[in-house]
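Enquirer: There's a structure below that I have some questions on.
The values are calculated or read from the model by the stated rules, or taken from the named source; none is laboratory data. Here the structure is a predicted model, which means the values were calculated and not measured. Here the Cβ is made from the backbone with ideal geometry for all residues, glycine too, and neighbour counts use every protein chain on show.
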Amino acid sequence: MASNMNKVIAVLAGVVGIIAIIPVEVLSWWKADIDPILGNSFSHYIDAFAQYYTENAFNSVVAKSKLDDLYLGVGIAVIAGAAILVLAGIKASKAAALLGSILLLAGPIMFLIAHNGNDDLSTYASWFGSENVFFGSYDGSLGKIAWYLNLGFFLPIIGALIGFLSMKSNK
């Protein structure tokens, strides 16, 4: 990494990775919005550390449970990748930037594997006529339901792309 700009870009990539693991609804990795015919709307969401939340219409979290251990690797990979990218920016190391970017990409890949292997989510999706646990929707007699990969899932991918960009040499 020759220039100060490349250092700043690597640190920025690490910061984007760190933001992806903040456990708030807007940065969740997967989310389901449920609007039943009877009753109030609520949401289910999963963060980078295998925590499954249910949030009711009054914006209070009413349940929190831990999912499979494979989900934990997601958060660990993202934290490690983000930390290495920040260090890569400080030390101006292309090799560290490459390693950090790869680890940031590993997080979303591990999430997809863990999420696809989650039998409970597969069962719920099939109840609504879908085999896809990543994206889907239902609009029927029970109400409206939409489930999707959320912002937190995409931030490490963006951070990794920024990290790869930081390795570009200036001539």
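Enquirer: Can you find, within region 60-74, the residue that is farthest from Ser41 (Cα to Cα) among those that are modelled with pLDDT under 75 and among the small types (Gly, Ala, Ser)?
Expert: So, considering only residues that are modelled with pLDDT under 75 and among the small types (Gly, Ala, Ser), the one farthest from Ser41 (Cα to Cα) is Ser65.
Enquirer: Can you confirm whether Asp68 is closer than 21 Å to Phe134 by Cβ, of a type in the set (D, E, K, R) and crowded, with 16+ Cβ neighbours inside 10 Å?
Expert: no
Enquirer: Within region 19-54, which residues are under 17 Å from Met110 (Cβ atoms), in contact with a strand residue (DSSP E or B) (Cβ under 6 Å, 6 or more places away or on another chain) and not in a strand (DSSP E or B)?
Expert: Within region 19-54, Ser28, Trp29, Ala50 qualify.
Enquirer: Follow-up question, since we're still on this one. Every residue in region 134-154 that is buried (at least 17 other Cβ atoms within 10 Å of the Cβ) and in contact (Cβ under 8 Å) with a residue 40 or more places away in the chain, please.
Expert: Result: Ile145, Trp147, Leu149, Asn150, Gly152, Phe153.
Enquirer: To continue, here is another question. Does Ile157 fit the bill of being closer than 30 Å to Ile34 by Cβ and either surrounded by fewer than 22 Cβ atoms within 10 Å (Cβ to Cβ) or modelled with pLDDT under 90 (or both)?
Expert: Yes, satisfied.
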